[in-house]
Structures are given as C-alpha cells and as structure tokens.
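The values are calculated or read from the model by the stated rules, or taken from the named source; none is laboratory data. Model, not experiment: these values are computed from the prediction. No Cβ is skipped: glycine too gets one built from the backbone with ideal geometry, and neighbour counts run over all protein chains shown. Ligands, DNA and RNA are excluded from the accessible area calculation, which covers all protein heavy atoms including side chains. Shrake-Rupley method; radii C 1.70, N 1.55, O 1.52, S 1.80 Å.
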Amino acid sequence: MDAKPDKIRCDACPVMCYIADGKVGACDRYANQAGELVRVDPLTILRRTQDQGGKLVEFAGRNDDWDGDLLGSSFVTAIGAGTTYPDYKPAPFIVSQEVDGVDLVTVVTEAIYSYCGVKIKIDTDRHLGPEQNTVRVEGEAVGHVTTGEYGSQMLSLGGVNHLTGGSKKEGRVTCKTLMDLCNGEAVEMEIDEGSSVVVQAGKPPTVNGVAEERMRVGCGSATIGMFAKQWHGLVDEVVVVDDHITGVISEHQAGKVLGWEDTGIKIKGRRSTPGRYFQVAEPGTGWGGTDVDDPLTILGDFNPKVAKPGMTLLMVSTTGEQHAFYKLDEELKPVETDLPESLEVSVARIAENCEPALCSVLFMAGAGGSLRAGVTENPVRLTLSIKDTLTHVTCGGAPAYRWPGGGITIMTDVTRMPANSFGYVPTPAIVAPIEFTMRRQDYEKLGGHMKEIVDLADVVPRGKRSESPHAANPWPTVSTHFDWRDKGKPS
Ligand code: SF4
C-alpha cells in the first residue's frame, strides 16, 4: 500500500499551500487531517423555528426513524462550504429542495473576492475628516472618506486598488481590516487631517476616544421646522447650530408662518435662504459638527434698530447635547443665564428624537467573475437570470442588494449574516459566502451543472453548525423573491 505523502497540496485558492499532517494552510481555512484536505470551519445550516414560519416536513425514505427534523425549514449556506479554484469546477454544493411544490436548486460556494470592500455609515455629526481624505489602519491607506449623508459620515474602505495596487503591507492590512469589520470586530482607524474612529458593525462609534450616543435629529433648518411651534411664545429667538445648515427661527419660513417677530440677529455664515445659513464655522467636533465650543462666536452684533434689551435667545445643537440660554443686556450683548423650565422640555425633546448612533457596515463585492463558472457552463446566463429575478442571491442566507447595471455587484449588511461568515486568503482577498437559488428548470436553462445536484437531505447532516436566521431576514427560498409571473409554474 502506498504511504500517504507528508504534505498535501490545497488547491482551493491560487496560493496552493503545501500542508503537513495536522496543520492548517496559510488562511487557517483548510487543514490536512490524516492526509485528507478538510475545510476547518463547519458547514452552516440556517434553521427556522416554527415561530419563524418554519414547517416540520418529513422527507421520502425517512418515515420510520424521522425525528422531527426541520428539514423543510433548513437552508444550506455557503459558510464553511469551501471554495473551488479555478472556478471551472462545479460549486462545492448544488442542493435541491422542494418548497411549496416548487423544485428549487441552491448553488453554494465561498467566493474569493479581490474586488470587494465595505461602505461604512457612521451616525455622528462630528467631523471625522475632509471628504476624499485617506483612512488609515496601522498607518496603511485602507480607504477614504466619501460624501456625507444625512446625520452620518461615510467611509469607503477596501476595493481592488488597496488590496492589490499598493504595497504588500497595504494589501494585507486592508484585507484584515475588511475581514475584521465584516466579522463584527472593532477596528480603530485614523483619518488624515481628521479624527481617530473606532468602528464596529451595529455598535456606536467612538470618535477621538469619546463614544457617540446620539445621531442628530436633523439639520439645523429641519430642527427649526420640527420644533418651531413648541418654542413659539417662550423665547424671542432660537438658533440651531449645525455645520451644514444653521437655522434661525425668526427668519426661517417656519417662524414666519407662526408670525415670529424679527430680532435683529446677525449670523456670520453664508445665507442660503431666509433663516438657513451655511459655513457658520469650520467643521469639527464641537456644537453641531462645527469647531465651535462657544456658540456666540457665530453671531455678529444685534441690529440696534430691531433688538431690545431683555430679549431672549436659545442656542442649541442638532442633538440637543449642547444648549445655552441668553438675555440681551443694555448694550444688546447676549449674557448666558439659566435655561427656563418652560424650554427644558423642548431641548429634551430634541434629544428624545435623536436615534442611537450606530456604525453600519455593508459588504460590497463583485460576484460577476469566474465564480459563475461554478454555477453554470455559460456564466453570463447566471447574470441575466439574476437580472430577470429568476435567481435570488443571498450571502450566508442574508439578502443581498444587487446594483443595477452590468455584472453581479452585491451589497449586504454584515449584521444580518451569521457570526464569522468571512475569511481571507493571502493573495490577498476576502472569502465570503454566496448562495444562488432558482427553480430547477431555470437552473437547467442557464446551463447548470445538473449532474452535481444533491438532495438537501444528503447535505443537511454534513452541517455541523446550525444558526437561526436574523429576525429581519426574509427566508431565502420564499416565492416572493422570484418573478415567475409569465414563466408559468414548474412542470
Ligand atoms: S491559502 Fe488557504 S485556500 Fe489558499 S491554498 Fe492555502 S490553505 Fe488553501
């Protein structure tokens, strides 16, 4: 009998590691177990409980010893399924199951993505850094600040240029950053000419060592619109300080409609429309995302023809976190005094209307390359089938948004996927689960590997990890994912 070689060669990615018995390869994903190449992480099966709409389904050939397995509510994810490289080989699992009388096939593979990254939404007004500036981890460029959104700062990290286009260290650090973020770990990053931020999916951001609590209620103008009525009659002037649009109630349309009197206030920023001012200060981590610690610095002198001693002024930030109340003295200078009880409610209500600040991490990747060959012999047909809504795409059972236009460019909320769904290979590239589900007849039409189809009942016992789906996820095989309207029911 031939002795087994000391080392075996893993062919699951271009690195082609030689792995000794009892050892793992460079990515920790494959091991040599007594001469057999094995995937280290367990194949993960999603299981719905009856509370989640799951059904107990008996399957053919197991009526004697059937133990009430929720086979009809099981879905084989690609987590732990393994990778096929080069991709002309069929995907690791091509699984059939019947759902409500429809014969479905799910093609399951762990994709290796060189073209991938994360889009991060950080709920904070605080200035993290100028748009386009570089985001660094361990000093390496891993992405950049992109255009801000309403109440949130946005980062775009990863992508093929950071993974492959820079130094070896840049690629390695970028890959690890992406994997850690996607697996729900906290990552500290520095922004050029900006702040230090700790980002963790589904958790509040920490900016310069301070945990953010609240997302702003709206811009300064929107805050005026929301609360104008509650301030009317209680104070002569309100200024909502905001780095983008500072609101001034006496000039704002909301104040005008309520019959608000002019106060002679002067704001130093650029007036956009009545009661709405841009650029009242520089961006920063002070009031309303400005660099201001003393809000009076954004005011000019009150107009003596309009203003009167004793007039009152409330200045507040867009989260209600900072607020101050003033009275004009004989020289029409604002003098800070205690916030009257009558205004405490409205300031507290701004804070009450702010949602908790969170970091959202969306994994984005291009699945339109060679991995399609593991699904079909005619790859473009898979792309077209997805566009025709005949094939549904999930990542670890979580819904994947497909971008319009060419290719299969998908985006997924990593918090909707099972824990530790992501891995890497040292090329460097990210490894992530992807599943394509369609009717058997549609799979055949797109040139699927029909001979490789196996029954769900044969695959489920190989699943060594069972997970409940995220409560917000639609079940991957429900018919509403598909457009079968003019294609007829399966024969
Ligand atoms: S890096 Fe991992 S997947 Fe690639 S060859 Fe080595 S063990 Fe296999």
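A few notes on this one:
- Reported count of residues in segment 19-38, each being in a strand (DSSP E or B) and either at pLDDT below 85 or more than 9 Å from the ligand (Cβ to nearest atom) (or both), is 5.
- Any hit, segment 302-325, residues being of a type in the set (Lys, Arg) and either in contact with a Leu (Cβ under 6 Å, 6 or more places away or on another chain) or not in a loop (DSSP other than H, G, I, E, B) (or both): no
- Residue tally, condition of a type outside the set (Phe, Trp, Tyr), crowded, with 18+ Cβ neighbours inside 10 Å and farther than 20 Å from Ile350 by Cβ, over segment 300-314: 2
- Picking from residues in segment 96-115 that are among the charged types (D, E, K, R) and out of contact with any Pro (no Cβ under 9 Å at 6 or more places or on another chain), the one that is most open to solvent (accessible area, probe 1.4 Å) is Glu98.
- Residue in segment 132-139 that is in a strand (DSSP E or B) and buried (at least 24 other Cβ atoms within 10 Å of the Cβ) present: yes
- With respect to the conditions (1) part of a loop (DSSP other than H, G, I, E, B); (2) over 30 Å from Ala186 (Cβ atoms); (3) in contact with a helix residue (DSSP H, G or I) (Cβ under 8 Å, 6 or more places away or on another chain), Pro404 falls short on a single one, namely (3).
- Count - residues of segment 80-98 that are under 24 Å from Ser479 (Cα atoms) and either modelled with pLDDT under 85 or under 30 Å from the mean Cα position of the chain (by Cα) (or both): 4
- Looking across segment 39-52, just one residue is within 12 Å of the ligand (Cβ to nearest atom) and not in a loop (DSSP other than H, G, I, E, B), and that is Arg39.
- Of the residues Leu371, Leu390, Leu382, the single one that is modelled with pLDDT under 90 and farther than 24 Å from Gln200 by Cα is Leu371.
- All of (1) within 30 Å of Lys256 (Cα to Cα); (2) not in a strand (DSSP E or B) hold for Leu178 with one exception: (1).
- Within segment 115-134, the residues that satisfy the criterion of being in contact with a helix residue (DSSP H, G or I) (Cβ under 6 Å, 6 or more places away or on another chain) and closer than 22 Å to Glu185 by Cα are Tyr115, Val118.
- Of the listed requirements (1) assigned to a loop (DSSP other than H, G, I, E, B); (2) modelled with pLDDT under 95, Gly148 misses just one: (1).
- Residues that are of a type in the set (Gly, Ala, Ser), in a helix (DSSP H, G or I) and surrounded by fewer than 23 Cβ atoms within 10 Å (Cβ to Cβ) within segment 241-298 comprise just one, Ala254.
- Selection status of Pro404, within 16 Å of the ligand (Cβ to nearest atom), open to solvent by 50 Å² or more (accessible area, probe 1.4 Å) and outside the structural domain of Ala26 (by TED's automatic domain parsing): no
- Residue count for segment 341-368, restricted to those that are at pLDDT below 95 and assigned to a loop (DSSP other than H, G, I, E, B): 5
- Total residues in segment 75-95, condition open to solvent by less than 10 Å² (accessible area, probe 1.4 Å) and assigned to a strand (DSSP E or B): 4
- Total residues in segment 394-415 satisfying the condition of being over 17 Å from the mean Cα position of the chain (by Cα) and among the hydrophobic types (A, V, I, L, M, F, W, C): the figure is 1.
- Of the residues making up segment 453-465, those that are surrounded by fewer than 16 Cβ atoms within 10 Å (Cβ to Cβ), closer than 18 Å to Gln97 by Cα and in contact (Cβ under 8 Å) with a residue 24 or more places away in the chain are Val454, Asp455, Arg462.
- Cβ pairs under 7 Å, 6+ apart, first in segment 168-182 and touching a residue at least 24 places away in the same chain (Cβ under 8 Å) and closer than 26 Å to Gly202 by Cβ, second part of a helix (DSSP H, G or I) and open to solvent by less than 20 Å² (accessible area, probe 1.4 Å): Thr174/Leu163; Cys175/Leu163; Cys182/Val414
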